[in-house]
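Encoded as structure tokens, the structure appears first; notes follow it.
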Amino acid sequence: MKILALDSSAAVASVALCEDERLLAEYTLNNGNTHSQTLLPMVETVLHSFELTPADIDLFAVTAGPGSFTGVRIGAATLKGLAFDSKTPCVGVSTLEAIAENLRHLVGLVCPVMNARRSQVYTALFRSDGEAFTRLTDDTALSLAELDELLSGYGESIAFCGDGYDITLSELKKTQVRPIPNRLRHQSAYSVAQVALRQFRREQSTTDAGLTVTYLRPSQAERTRMEQLNKDHTK
């Protein structure tokens, strides 16, 4: 099964082509949030390298949030365009689960963290036995203080990954930290493909029209509007 996977949910953009578990190609850029300009050309480069078109793909996969509101929308829209009217299965995966997938080989607790601004992170917690994950918490948005309190209760070292790695570690006061190399902290479309493949095998796929995204909280524009409405209401 040929899988085309995309991730544009944070500053890193990544595209991967896989044959089931085998990685054929991965194209990653860490040049800021310019995904509207770079993501589709990245896809075209990867497909062209194997003389493939979207019609040759058996499964499309994308991170469906949480993450950058704009980045998540760009990824989903790009995938929908590639899969449009093709009846090819599509899978939207948790960005946090896909990032955690980078550390599947480690034994212990894995905590992906994405910068959600305002001293908050999008996060979840997984336990790995070195081969498979057990999810311990749902995807959520927490303050760094709340996360520190939650994780310290486990009484063991935590492996962090995600674009919130540095801000999280700088604020932790109680939690034991397991250092992770920079290469394994960021988005990888290969990881997206592997999470999606497992979901597909569990019959958890949809169509391009049925693909939805998850933001966990309102966008900055929506929060600003609500704050202004509350101010106006109290006058």
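The values are calculated or read from the model by the stated rules, or taken from the named source; none is laboratory data. Just so it is clear, the structure is predicted and the values come from calculations on it, not from any experiment. Cβ atoms come from the backbone with ideal geometry, glycine included; neighbour counts cover every protein chain shown. Accessible surface is based on the protein model in full, side chains and every heavy atom, while ligands, DNA and RNA are left aside. Shrake-Rupley method; radii C 1.70, N 1.55, O 1.52, S 1.80 Å.
Values computed for the structure shown
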{"read-out": "Counted residues, region 116-142 - those being on the phi < 0 side of the Ramachandran plot, open to solvent by 30 Å² or more (accessible area, probe 1.4 Å) and of a type in the set (S, T, Y)", "value": "3"}
{"read-out": "In region 196-217, the residues that are more than 23 Å from L150 (Cβ to Cβ) and open to solvent by less than 80 Å² (accessible area, probe 1.4 Å)", "value": "A196, L197, R198, Q199, F200, S205, T206, T207, D208, G210, L211, V213"}
{"read-out": "Residue check for L79: surrounded by fewer than 23 Cβ atoms within 10 Å (Cβ to Cβ) and touching a residue at least 12 places away in the same chain (Cβ under 8 Å)", "value": "no"}
{"read-out": "Members of region 54-74 found to be assigned to a helix (DSSP H, G or I), within 23 Å of A124 (Cβ to Cβ) and open to solvent by 10 Å² or more (accessible area, probe 1.4 Å), listed by number", "value": "F69, T70, R73, I74"}
{"read-out": "Some residue of region 18-40 being over 23 Å from G164 (Cβ atoms), open to solvent by less than 10 Å² (accessible area, probe 1.4 Å) and at pLDDT 95 or above", "value": "yes"}
{"read-out": "Residues being in a strand (DSSP E or B) and touching an Asp or Glu at 6+ places or on another chain (Cβ under 6 Å) - total across region 81-105", "value": "1"}
{"read-out": "Lone qualifier among L6, L24, L29, L39 - being under 19 Å from R185 (Cα atoms), among the hydrophobic types (A, V, I, L, M, F, W, C) and without any contact (Cβ under 8 Å) to a residue 40 or more places away in the chain", "value": "L29"}
{"read-out": "Residues satisfying the stated conditions in region 151-163, i.e. more than 12 Å from the chain's Cα centre (by Cα) and crowded, with 16+ Cβ neighbours inside 10 Å", "value": "L151, Y154, I158, A159, F160"}
